[in-house]
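The block underneath contains the structure these notes are about, expressed in structure tokens.
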Amino acid sequence: MKKVLLFIAILFFFDRFGQAQSLTIEYNIGHGSYQMSDMKDILKNQMLPVTNVQVTDNFPGYVTQDARVGVEWRRHHVGVLFNYMNTAGKNGVTDYSGSCDYELRNKGYKLGAFYHFCLVKEKVSIFTFEPYVGLSTGFVLNKVNEINRLFVESDPEVGYRKDNTFSGRNFFVEPTFGIKFSLCRYVALNMSIAYEWDAVMQEHQSRNPDFPSTFKVDWSGYRAQAGLIFLFEFKEVTMIQELQLRILPEEAVSEQSLKQVVARETGISVPYIHTVRVLKRSIDARQRTIYVNVKLRAFINEQPDEPEFQLVEYKDVSAGKPVVVVGAGPGGLFAALRLIELGLRPIVIERGKNVRERKKDIALISREHKVDGESNYSFGEGGAGAYSDGKLYTRSKKRGSVDKILNVFCQFGASTSILADAHPHIGTDKLPRVIENIREQIIRCGGEVHFETRMDALVIRNGEVVGVETNTGENFLGPVILATGHSARDVYRYLHDRQIPIEAKGIAVGVRLEHPQMLIDQIQYHRKEGRGNYLPAAEYSFVAQVGGRGVYSFCMCPGGFVVPAASSSRQVVVNGMSPSNRGSRWANSGMVVEIRPEDYSELMKHEEMAVSKDSPLALMAFQERLEELCWLNGGMKQTAPAQRMVDFVNKKNSFDLPESSYTPGLLASPLHFWMPEFVTGRLREGFRHFGKVSRGFLTNDAVMIGVETRTSSPVRILRDKESYQHITLKGLFPCGEGAGYAGGIVSAAIDGERCAEGVAGYLSLV
């Protein structure tokens, strides 16, 4: 009794402190085989006072009945058991004269404990399939009846019946393999097979004075059982678990599949896993078997009480000090949002149109080859990233800032997947709505946004910038955050003409290289079928050193399109974009060569130099000349000159071109001939190298489209490292890509926030 009470106490402990999920009551019925070697020998060798004695029953298997009470938590199931077994052995003879027999009847009562460990939990239709292994141990309480009978038909008085009863106990160990099918939340079907081994058996002494013998009761044998398990839930256990998993792509495809994985790893049934949030996700395609590395948070029996992203509170700044933000790209928009956080009122001026109207002008570039100098892929609300790609990669080491930017994007409508993905991407189809939401927030908080309003000049008083003059004739006053982007070349000319310190900065120049996406999938995933149904469109990244300059891939767009990115009529410039689903048949990437300011003379040795080699506008002049050459070789339209990849490497003309995503159209052209050898020579060597390290990459199925020049700003507007303020002009804060301090959406956004903080510091001293 003490042992039973002790085990009940243990069950209570598991309930209170072991995170038990449910109480189980189980009933099984089955069949058992029994060893009974000693008792079989007794029957065989028993000498009865008659002849022709035969063994008529030899301890066959009988039905077993099993009852269990336990608790379940995660993959574990532990409890107490009670089992009833019975069998019998008999020998004797019966004829017309009477009968004589000797019988041993056995009853066994098993008392013990059991433990089951769930191997896996799999969903099959509406049922949960749970194979398990287990171990039971305890005591068998034996009760043996010995019956010796003689009956004489002619003289019943001569006969007799002698009954003796024995009791004892065995110690048993029983390994088990079973399967549990959850029929519903509260009932499960159980099936199991086991082998019982009686390790310790007490000896029994027959009390028959005529036939004394010693024997042991041995219940060892196989057991097969089936029955029902009834589950009674304890009060719900709530918890949050973080897991680091390495799983197959098909297991990472949806929240439901991830719940199955969590259930398998933790032993917690899927219905208890309310929500799974992916914290980090990346693909490991280094081996033939591709895995997805996932860090996730599972919410057990509770709903998350916090949003997936951190909310930023934006207050009303209608009465705040005004700050002029020039440019509504990521640098300008995030500067405006940060100004609102700091209690300042942003006045955003943008030379282009709002993001929706801008889309119409962009469509005309492909359809009618018309480029609006103020509304195109570079100019307009959202900046160059709005309709070019929307990638959120950055090499910035300021992780806190990066996380802040991603959370703000989510707050304004971006998918929360960007918080987890190793290479986050909003998509050009979804980014415009996010940008609109940011604009609406700025206006709602008391800020201003003015479209088709170009800054023509800074308002400078006593060496201090106090505002801007615009093409509309309206002046806007306040400190100025200059976030105009690297395509606003008129701004660089204005600064240079007014002798406001700027300097030349290195850039990268090359082409857009477009492959069939299926080919890139096959190369990167190392399999003929490509990415299959569960993997995303594959990406690549290449870099090499050729002739002292870097040759590398830039802004790779899997499942994307090549788009025209000119910002004036006598230019052909190409860029890449990807929709959120990355679902096109093509993969494209910039393939560019590093250019330094000192390379200007060599780059322009066959061209008339527009500016001196020492001018801070030298590399901008080179960009302009190369873009004009591309326009001329493209037929003086937005048709882009193009060449097959292998033909380019071998300096051969391409007489036909593969199908392309570039909607204005391609024109076969010898890029190796009219582009600077400084660039083409290094591209050729780079391509040969990339083809060696990635077999199949160097192919004539790939087409090179000219030219990619807008990788970064050719000019840096000088500013103080601490205050973010221009080195000579107070009140001017050069910002983002256009100022030469960023290289993408996220880095520009981070720089915008820092410039806003610089303005707040400046105004506190004014």
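What to note about this one:
- Only a single criterion out of (1) more than 34 Å from the chain's Cα centre (by Cα); (2) of a type outside the set (Phe, Trp, Tyr); (3) assigned to a loop (DSSP other than H, G, I, E, B); (4) under 30 Å from Arg527 (Cα atoms) is not satisfied by Thr699, namely (1).
- Looking at Gly467, Gly447, Gly463, just one residue is modelled with pLDDT under 95 and either more than 21 Å from His726 (Cα to Cα) or in contact with a Leu (Cβ under 8 Å, 6 or more places away or on another chain) (or both), and that residue is Gly463.
- Residue match in the range 280-294 (condition: under 20 Å from Lys121 (Cα atoms) and not assigned by TED's automatic domain parsing to the domain that holds Phe181): yes
- Count of residues meeting criterion [within 16 Å of Val325 (Cβ to Cβ) and in contact with an Asp or Glu (Cβ under 7 Å, 6 or more places away or on another chain)] in the range 343-362: 6
- Check on Ile727, at pLDDT 95 or above, under 30 Å from Pro424 (Cβ atoms) and either β-branched (Val, Ile, Thr) or not assigned by TED's automatic domain parsing to the domain that holds Glu464 (or both): no
- For the range 638-655, the candidate set comprises residues that are free of Cβ contacts under 8 Å to residues at least 60 places away in the same chain and not aliphatic (A, V, I, L, M); within that set, the residue that is surrounded by the fewest Cβ atoms within 10 Å (Cβ to Cβ) is Phe655.
One line per residue, one yes/no per condition, for (1) assigned to a strand (DSSP E or B); (2) in contact with an Asp or Glu (Cβ under 7 Å, 6 or more places away or on another chain):
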{"position": "Lys651", "(1), (2)": "no, no"}
{"position": "Ser654", "(1), (2)": "no, yes"}
{"position": "Leu657", "(1), (2)": "no, no"}
{"position": "Leu667", "(1), (2)": "yes, no"}
{"position": "Phe673", "(1), (2)": "no, no"}
{"position": "Phe678", "(1), (2)": "no, yes"}
{"position": "Leu683", "(1), (2)": "no, no"}
{"position": "Val707", "(1), (2)": "yes, yes"}
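- Pairs where the first residue, in the range 536-549, is part of a loop (DSSP other than H, G, I, E, B) and the second is of a type in the set (D, E, K, R), C-beta under 7 Å, 6+ apart: Pro536/Arg582; Ala537/Asp521; Ala537/Arg531; Ala537/Arg582; Ala538/Asp521; Ala538/Arg531; Gly547/Arg682
- Matching entry among Glu306, Glu313, Glu381 (being of a type in the set (Asp, Glu) and in contact (Cβ under 8 Å) with a residue 40 or more places away in the chain): Glu381
- Residue match in the range 139-161 (condition: touching a residue at least 12 places away in the same chain (Cβ under 8 Å), under 30 Å from Arg75 (Cβ atoms), in a strand (DSSP E or B) and in contact with an Asp or Glu (Cβ under 8 Å, 6 or more places away or on another chain)): yes
- Test result for Arg169, modelled with pLDDT of 85 or more, touching a Leu at 6+ places or on another chain (Cβ under 9 Å), surrounded by fewer than 14 Cβ atoms within 10 Å (Cβ to Cβ) and in a strand (DSSP E or B): no
- Filtered residues of the range 420-437 (kept if farther than 21 Å from Ala335 by Cβ and of a type in the set (A, V, I, L, M)): Ala420, Ala422
- The range 41-58 - residue that is part of a loop (DSSP other than H, G, I, E, B) and of a type in the set (S, T, N, Q) and, of those, modelled with the highest pLDDT: Asn52
- When Gly576 is tested against (1) in contact (Cβ under 8 Å) with a residue 60 or more places away in the chain; (2) surrounded by fewer than 23 Cβ atoms within 10 Å (Cβ to Cβ); (3) of a type outside the set (Lys, Arg), only condition (2) is not met.
Every residue, every condition in (1) touching a residue at least 24 places away in the same chain (Cβ under 8 Å); (2) of a type in the set (A, V, I, L, M); (3) not in a strand (DSSP E or B), yes or no:
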position: Gly30; (1), (2), (3): yes, no, no
position: Met39; (1), (2), (3): yes, yes, yes
position: Gln65; (1), (2), (3): yes, no, no
position: Phe82; (1), (2), (3): yes, no, no
position: Met85; (1), (2), (3): yes, yes, no
position: Asn91; (1), (2), (3): yes, no, no
position: Ser99; (1), (2), (3): yes, no, no
position: Leu104; (1), (2), (3): yes, yes, no
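- Elements of type strands (runs of 3 or more DSSP E) contained in the range 554-643, each with 1 or more residues being aromatic (Phe, Trp, Tyr) and within 42 Å of the chain's Cα centre (by Cα): 561-564, 586-595
- Put simply, of Gly635, Gly590, Gly681, Gly665 the only residue that is of a type outside the set (A, V, I, L, M), under 21 Å from Met556 (Cα atoms), surrounded by fewer than 17 Cβ atoms within 10 Å (Cβ to Cβ) and not assigned by TED's automatic domain parsing to the domain that holds Ile365 is Gly665.
- Scanning the range 227-255 for residues that are modelled with pLDDT of 90 or more and buried (at least 16 other Cβ atoms within 10 Å of the Cβ) yields Gly227, Ile229, Leu243, Leu245, Ile247, Pro249, Glu251, Ala252.
- Test for Tyr387: is it more than 23 Å from Pro536 (Cα to Cα) and either crowded, with 19+ Cβ neighbours inside 10 Å or at pLDDT below 95 (or both): no
- Odd one out for Glu602 among (1) surrounded by fewer than 16 Cβ atoms within 10 Å (Cβ to Cβ); (2) within 25 Å of Val292 (Cβ to Cβ); (3) at pLDDT below 95: (2)
Residue by residue, here is whether (1) free of Cβ contacts under 8 Å to residues at least 12 places away in the same chain; (2) over 42 Å from the mean Cα position of the chain (by Cα); (3) over 19 Å from Val325 (Cα atoms) holds:
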| residue | (1), (2), (3) |
| --- | --- |
| His423 | no, no, yes |
| Pro432 | no, no, yes |
| Phe451 | no, no, no |
| Gly478 | no, yes, no |
| Tyr492 | no, yes, no |
| Lys505 | no, no, yes |
| Pro516 | no, no, yes |
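- Restricting the range 95-111 to residues that are among the hydroxyl-bearing types (Ser, Thr, Tyr) and surrounded by fewer than 21 Cβ atoms within 10 Å (Cβ to Cβ), the residue that is nearest to Gly138 (Cα to Cα) is Tyr109.
- So Val611, is it of a type in the set (A, V, I, L, M) and at pLDDT 95 or above: no
- Criterion: crowded, with 20+ Cβ neighbours inside 10 Å, assigned by TED's automatic domain parsing to the domain that holds Glu627 and at pLDDT below 95 - qualifying residue of Arg527, Arg531, Arg512: Arg531
- Being polar (S, T, N, Q) and either within 17 Å of Pro658 (Cβ to Cβ) or not assigned by TED's automatic domain parsing to the domain that holds Pro641 (or both) is a property that holds for Gln522.
- Residue match in the range 275-289 (condition: within 30 Å of Glu381 (Cα to Cα) and part of a strand (DSSP E or B)): no
- Taking (1) in a strand (DSSP E or B); (2) within 39 Å of the chain's Cα centre (by Cα) in turn, Val120 satisfies each apart from (1).
The values are calculated or read from the model by the stated rules, or taken from the named source; none is laboratory data. Everything quoted here is computed from the prediction, not taken from an experiment. Cβ coordinates were reconstructed from backbone atoms using ideal geometry, including for glycine residues, and neighbour counts include every protein chain displayed.
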